[in-house]
Amino acid sequence: QQLRLTEEEKRLLAQEGVTLPNALPLTQAEERILKKVRRKIRNKQSAQDSRRRKKEYLDGLENRVAACSAQNQELRNRVQELEKLNGSLLRQLQALIKQTSNKAAQTSTCALV
């Protein structure tokens, strides 16, 4: 049987200065080295996946913040419009109250005379 290694496994083995035979079976020491290299590869892949997921999560949060900020600004503008309208209606109401109170005073004055 022949030992099949990926390019990443070959690269890491070379980096550690280890050469494994092409034929199986491997010695216990060689198996430990191969397991160590494969574990490093899995850890590296897991770290990359974790960073990718974190980036996607942060991008999602940034999008939500932008959407909420835009909605917040729209609501602030709406509140401002409603406050202006409320002030205008209040002035109109006060003017109407003044008009009606003046007419009532005139009517009662005429009745007294």
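Tabulated values for the structure
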quantity: Protection-proxy order for peptides 30-39, 70-79, 12-21, each taking the mean of Cβ atoms within 10 Å per residue, highest first; calculated: 30-39, 12-21, 70-79
quantity: On Cα atoms only, tilt of 28-112 relative to the major axis of the chain in degrees; calculated: 0 degrees
quantity: P(r), alpha carbons of segment 7-110 - 5 Å bins starting at zero, rounded %; calculated: 2, 9, 8, 9, 6, 5, 6, 5, 5, 4, 4, 4, 4, 4, 4, 3, 3, 3, 3, 2, 2, 2, 1, 1, 0
quantity: Cα-based Lys pair tally, segment 7-110, threshold under 17 Å, eight or more apart or on separate chains; calculated: 8
quantity: Accessible area per residue in Å² at 1.4 Å probe, computed on the chain; calculated: 88 Å²
quantity: Rounded percent of accessible protein surface that carbon and sulfur make up, segment 7-110, 1.4 Å probe; calculated: 54 percent
quantity: Contour excess over end-to-end distance, with Cα ends at V65 and A29 and 0.36 nm allotted per residue; calculated: 7.6 nm
quantity: Cα pair distances in segment 1-57, grouped into 10 Å bins until the bin that holds the longest one, percent each; calculated: 22, 45, 20, 11, 3
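The values are calculated or read from the model by the stated rules, or taken from the named source; none is laboratory data. No experiment lies behind these values; they were computed from the predicted model shown. We place every Cβ from the backbone using ideal geometry, glycine too, and count neighbours over all the protein chains shown. Note: accessible area is taken over every heavy atom of the protein model, side chains too, but ligands, DNA and RNA are not part of it. Shrake-Rupley method; radii C 1.70, N 1.55, O 1.52, S 1.80 Å.
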